[in-house]
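S.K.: Pasting a structure here, questions to come.
The values are calculated or read from the model by the stated rules, or taken from the named source; none is laboratory data. Computed from a predicted model, the values in this text were never measured in an experiment. Positions of Cβ are backbone-derived with ideal geometry, glycine not excepted, and every protein chain shown enters the neighbour counts.
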Amino acid sequence: MRFLLSSMFYRSPFENLQRHADKVKECAQMFRRAAECHIKDECGEFDALTDEVARLESEADAIKRNIRNHLPRGILMPVDKFEFFQYLGEQDKVLDEVEEALFWLSFRPAGIPSDIVEDFMALVDAAVPPIEELSRLVKMATEYFRSGSEKKREKMKSLIRDIRQHEKEADILEREFKAKVFTLVKDALTVYHLIHLAEIVGSIADHAQNASDRMRAMIAR
């Protein structure tokens with residue numbers, strides 16, 4: 001009865017959550033393109049891509065505020081509101097960190113030292129899949145809360161495990177990148193810049209996993 005009754009009320013919040021997740025997904029490949037662009041001297045799109053990410057982050061922020069400000073106090077939802085807002089917060093932090101990573105990249109016009117470029121792009125590539133998967137996760141959640149299907153719930157749990165695995169891979173690559181920086185880079189300022197950059201990129205995957213963990217809590221029984 002819970003699903004039949006609540007299905008009348010939760011569509012608007014979850015539809016907006018999907019719109020927010022779609023902005024996150026849109027930023028994923030744009031983030032990779034901008035990072036790749038920055039390490040290529042002939043690329044002149046970095047500033048434009050950074051501005052586009054900032055625009056998407058601003059639009060997502062407006063969606064987030066709309067969800068928080070227009071959710072009626074007495075609305076019936078199939079999930080706990082606190083967990084719903086926790087999920088939204090973690091999903092939003094993904095965009096914040098993407099934007100921060102690009103701004104941090106821009107502080108070093110010379111780009112990434114050539115002998116660690118591949119390692120840096122491997123870290124970026126590891127952070128992209130969990131960002132993209134959040135949109136699919138929200139879509140699956142919307143379908144699950146409408147139907148209560150155990151099959152859909154199991155598919156969600158499988159996707160959440162995949163996101164967790166992506167985050168673990170990003171963690172490993174972040175540590176390997178840091179180790180190479182300390183071994184190969186001699187300038188202290190460059191070392192600081194690269195280590196902090198790696199931490200920001202790694203936090204993108206961290207927040208994606210945190211979001212998936214919040215979703216796991218919402219579908220727990």
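S.K.: Restricting the first residue to region 73-84 and requiring it to be of a type in the set (D, E, K, R), which pairs with a second residue that is surrounded by fewer than 16 Cβ atoms within 10 Å (Cβ to Cβ) and at pLDDT 80 or above meet a Cβ separation below 8 Å and a spacing of at least six or different chains?
M.R.: Correct list of pairs: E83/A217.
S.K.: So if I check each of D125, D171, which one is part of a helix (DSSP H, G or I), under 17 Å from A34 (Cβ atoms) and of a type outside the set (V, I, T)? Don't jump to the end; show me each part of the working.
M.R.: Numbers: D171 fails: under 17 Å from A34 (Cβ atoms).
Just a single option satisfies the conditions, and that option is D125.
S.K.: Oh, and also: Only residues that are closer than 13 Å to N210 by Cβ, touching a Lys or Arg at 6+ places or on another chain (Cβ under 8 Å) and aliphatic (A, V, I, L, M): list them for region 82-135, please.
M.R.: L88, I131, L134
S.K.: List every residue pair whose Cβ atoms lie under 8 Å apart, where the two residues are 6 or more positions apart in sequence or sit on different chains, the first residue falls within region 167-182 and is under 12 Å from L194 (Cα atoms), and the second residue, located anywhere, is at pLDDT 95 or above and outside any helix (DSSP H, G or I).
M.R.: The qualifying pairs do not exist here.
S.K.: Mind listing just one residue for me: the one in region 183-193 that is out of contact with any Phe, Trp or Tyr (no Cβ under 8 Å at 6 or more places or on another chain) and in contact (Cβ under 8 Å) with a residue 40 or more places away in the chain and, of those, surrounded by the fewest Cβ atoms within 10 Å (Cβ to Cβ)? Steps first, answer last, please.
M.R.: Pass one, region 183-193, residues out of contact with any Phe, Trp or Tyr (no Cβ under 8 Å at 6 or more places or on another chain): 183-190, 192.
Filter once more, so that each one left must be in contact (Cβ under 8 Å) with a residue 40 or more places away in the chain: 184-185, 190.
Details: L184: 13, V185: 18, T190: 15.
Among those residues, the one meeting the criterion is L184.
S.K.: Go through the residues of region 141-153 one by one and say whether even a single one is surrounded by 15 or more Cβ atoms within 10 Å (Cβ to Cβ), assigned to a helix (DSSP H, G or I) and among the aliphatic types (A, V, I, L, M).
M.R.: Yes; the residues of region 141-153 include at least one that is surrounded by 15 or more Cβ atoms within 10 Å (Cβ to Cβ), assigned to a helix (DSSP H, G or I) and among the aliphatic types (A, V, I, L, M).
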